[in-house]
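One structure, pasted below without further comment.
Readers should treat all values here as calculations from the given coordinates under stated rules, not as data from a laboratory. What you see is a predicted model, and the numbers here were worked out from it, not measured in a lab. Neighbour counts are summed over all protein chains in view; Cβ atoms, including those assigned to glycine, are modelled from backbone coordinates with ideal geometry.
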Amino acid sequence: MNQAINDPSSPSALPPIAQVPALWTFAALTAGLLGGLALAFAAPQALPAVLGVVEPVGDLWLRALKATIVPLVAALLFTGIVQTVATAQAGAMARRSLGAFLAFLAFSAAMPMVVTPALLALLPIPGGSGSALRTSLAGSAPVTGAVPGIGEFLRSIVPTNVIDAAANDRMLPMILFMAVFALASTRIARPQRDMLATFFAGLASAMLVVIGWVLALAPLGVFALSLSVAAKSGTSAIGALAHYVVIVVLTGSVVFLAGYAIAALIARKPLMGFARAVLPAQTLGLSTQSSLASLPAMLGACRTLGLRETTAEFVLPLAVALFRATSPAMNLAVVIYVAHWYGVPLAPALIVSGWAMAILVSLSSVSLPGTISFVASVGPIAIAMGVPVEPLALLVAVEVLPDLMRTLGNVTMDVAITAVIDRAAGTGGDEEPR
């Protein structure tokens, strides 16, 4: 994790982030689906009365979840960009590392635009599941209206009123404005810069507390939503959720496999040697679902690969703090999947918007727990691409399964990128990190 974020004395320090009850949420999803099926088949006469209670509960929880997205992402993006700029000033190795991170994040964001539709064509959503879920999730009608052209899209990314853009969920112009604003803050006098950093860190801290409260109620909200969905759509809901997990995990596996390709082709490490070296870190990552907890094992993998200790001890903590290789790919896969559910056309302008948004929000997740980062990262991309966000409240309950692939891919890619940086430092005569 980023040192400034960990250091309580730093102006951009964030508070300890409570863990979300992921297993309880998954259990609530299971109980809600089974309860809804039981009601639909065994007691259909009681269905209207039960839905009259659970649907408002699920809707209230969903509204509270959506209300946190814009302020949380804006504040985290500001602190993330300020920390990235500060890192870039740490020397040649830092700049080289950031360049490698951004280059792969660009690939990670572009890849699902090809792979996910191809997977959906090869493995289509089970018959009737998509339409059943569309009708059972209240308030998540597909976006209608004319698809913006390139000219209109380019004009829309520079807001005339950023407050209006945020209020109307125009995420890309708001995010780009915050990115420019954060960059500008690094050029002003230090007291003013620290004041802004403290303000946005405080805003992010408060919003993380709020979203922690909301997600602490995830078992209740997910139970209400899943019961309603299962009661209306039957077994189709279970099939659609299982299909969703498969598609998103397969998309993330491309990033995971790319780590081996990068290690072999760019870092010039023997493929089997890299696989053996990184296996302990992968095992720890799967058991903890945390790249941060896997950092000591990743350092051990770098020693096994013969990388310089100065490189590994500088690049790996930086990668854990800023570089989430699977984030753009799997977040965009979620949005593309939901768009496929709802028949939302993804014009080139919307695809570019999603690509840019996926890269930017991946820099602002500051080692959040998987469930919180799911909401903070996927929500803005969905809004920017005109895709309904309501299904995310249900999908967050099964995130515990794709999150295994997220961690596995991130751990593998962190070690591979470190090997690439080490080889570049050896051939390019970089200065020692400071």
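Summing Lys, Arg as +1 and Asp, Glu as -1, what charge do residues with Cβ under 12 Å from the Cβ of Leu305 carry, Leu305 excluded?
Neighbour charge sum, excluding Leu305 itself: +4.
With contacts defined as alpha carbon pairs under 8 Å and 6 or more residues apart, what's the relative contact order of segment 308-423 in percent?
This gives 40 percent for segment 308-423.
Determine the sum of side-chain charges near Val57: Lys and Arg each +1, Asp and Glu each -1, restricted to other residues whose C-beta is under 15 angstrom from that of Val57.
Local net charge: -2.
Put one equal scatterer on each alpha carbon of segment 241-395, apply the Debye formula with no solvent term, and list log10 I(q)/I(0) at q = 0.08, 0.17, 0.19 1/Å to two decimals.
-0.27, -1.04, -1.20
Give the calculated FRET efficiency between Arg193 and Ala67 to the nearest 0.05, with a Förster radius of 22 Å applied to their Cβ-Cβ distance.
0.15
What is the distance in Å between the Cα centroid of segment 64-82 and that of segment 214-262?
Spelled out, the Cα-based centre of one part sits 23 Å from the other.
Let me ask something additional. Quick one: net charge around Phe181, please, counting Lys, Arg +1 and Asp, Glu -1 for every other residue with C-beta under 14 Å from its C-beta.
That works out to +2.
Listed highest first by mean packing, meaning other Cβ atoms within 10 Å per residue, what order do 115-121, 94-100 come in?
Descending mean neighbour count gives 94-100, 115-121.
For Ala103 paired with Thr283, estimate the spin-label separation in nm (one decimal), with each label point 7 Å from Cα along the Cα-to-Cβ line.
Distance between label points: 3.3 nm.
Report ³J(HN,Hα) in whole Hz for each residue of segment 281-297, in order, from the Karplus equation J = 6.51 cos²θ - 1.76 cosθ + 1.60 where θ = phi - 60°; Gly and Pro get x.
5, 5, 4, 5, x, 5, 6, 9, 6, 8, 5, 4, 5, 8, 4, x, 5
Here's a follow-up. From the phi of every residue in segment 249-264, what ³J(HN,Hα) in whole Hz does the Karplus formula 6.51 cos²θ - 1.76 cosθ + 1.60 yield, where θ is phi - 60° and glycine or proline is x?
Values, residue by residue: 5, 5, 5, x, 5, 5, 5, 4, 5, 4, x, 5, 5, 5, 4, 7 Hz.
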